[in-house]
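I have placed the structure first, in the form of structure tokens, so that the comments after it can refer back to it.
Just so you know, all these numbers are worked out from the coordinates, no wet-lab data involved. Only a predicted model underlies this, so the values are computations on that prediction, with no experimental measurement involved. So basically every Cβ, Gly included, is an ideal-geometry build from the backbone, and we count neighbours across all protein chains shown.
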Amino acid sequence: MPEQLLSEVAGLAGKTVLVIGDVMLDEYITGKPTRMSREAPVPVLELESKRYIAGGSANPAANIVSFGSRAVQVGVIGEDGAGTRLVQTLEDKGIDASGLIRCADRPTTVKTRILAQMGLRFPQQVTRIDTLTRRAIDEETELQIVAFAESRLERVDAVLLSHYHGGLLTPELVRRIRELCRRSGILITADVQGKFASFGGLDLIKCNADDAQRYLNRELVSDDDFSRAALELASSLGIEQAAVITRGNRGATVACDGETQHCPAPSVSDVFDTVGAGDTAIATTTLAMAGGAAAADAVQLANYASGIVVRHLGNYTPTLEELTRSIRAAL
């Protein structure tokens, strides 16, 4: 298997993917604790640095760019300073931000993390403050997104829907985008993040084990349990090509054409952070399938890519060179 995967790594580059989903700005404010506050039993941090990363559905887009492909970001932001900073952050990453729509009645989603530099390897998170709305987008915004997607479909290899519960991917918007892709013969995939019913009829969906258990209302333990679950998801949602359930260090289970396959995860001993691994998985799987890889091979490539991500703190985007080295190490 690893030998075959090596030949498919190059196929991750040179694609164009329309990434539609809930974009957000991740803000990291790091300070050095100097004393306890007189106002409350909390440390006082003296500011050392501020760092901004494009998060949410922008993270799959960043992974796509890191693999040598092109990502066109579609989503909504506010008419605020955070929105301007997010656009700049995307463009600095090489992501096409022309599909972002500014909405006067919505804030740009910002996740602000306060970190204390304690002299350890990584700063320790003290708290997080989220600025957001979960209100569904209105019809006018929905039509703008559909029009933009339609104008770009002739120039893309795939459409990736990245759901972060931010009100963008309404059932009607997903339906409209799915129909556009069907008429154009474009691959459409989604990271459903527990909202299964909205994503029926796509080519591929990905979810994690916890979300699959909640949706199916039963515990999943054995390989057979996951096989039945993946088949049920594929059948009940009318998935055209594959339903994928990721299982952490146990890899992933793929249902495709009425059969299942378990794709093991590479051995990783130094796990620091699982943040972003799911985004890397859906980005890698989408690119690989757009390049002609079978669903199981695409998921196995995604397992290796995600295995790189968990060795780093925060959202990390692996490169083709890192992915190749990781696969070679398994030979």
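Miscellaneous remarks
- DSSP bridge analysis restricted to the chain gives an antiparallel fraction near 45%, rounded to the nearest 5.
- When the listed pairs K50/K111; K93/K195; K15/K111; K15/K206; K32/K93 are checked against a 24 Å cut-off, the alpha-carbon distance exceeds it for K93/K195; K15/K111; K32/K93.
- Segment 202-285 - share of DSSP beta bridges that are antiparallel (%, nearest 5): 65 percent
- Which of V244, V146, V110 has the fewest Cβ neighbours within 10 Å, and the rest in rising order: V146, V110, V244
- When I145, I101, I245 are sorted by how many other C-beta atoms sit within 10 angstrom of their C-beta, beginning with the fewest, the order is I101, I145, I245.
- Span from the segment 209-267 Cα centroid across to the segment 24-62 one, whole angstrom: 36 Å
- FRET efficiency for E39 and R134, using Cβ-Cβ distance with R0 set to 41 Å, rounded to 0.05: 0.80
- Each of M36, M289 has some number of other Cβ atoms within 10 Å of its Cβ, and from fewest to most they run M36, M289.
- Subtracting the Cα-Cα distance of H165 and L6 from 0.36 nm times their residue separation leaves 53.7 nm of extension gain.
- Over the chain, DSSP H runs of length four or greater, each weighted -39,500 (n - 2.57), average out per residue to a 222 nm ellipticity of -11000 deg cm²/dmol.
- Centroid-to-centroid, using Cα positions, segment 100-141 and segment 68-93 are 14 Å apart.
- Convex hull of segment 61-119 built on C-alpha atoms - directionally averaged projected area, nm²: 5.4 nm²
- Added length on full extension, which subtracts the Cα-Cα distance from 0.36 nm per residue, D210 to E48: 54.6 nm
- Only alpha carbons enter this Debye calculation for segment 39-171, each as an equal point scatterer, and the log10 of I(q)/I(0) it gives at q = 0.13, 0.20 Å⁻¹ is -0.64, -1.25.
- Translational diffusion coefficient (Stokes-Einstein; Kirkwood radius from C-alpha pairs) of the chain at 25 °C, 0.890 mPa s, in µm²/s: 120 µm²/s
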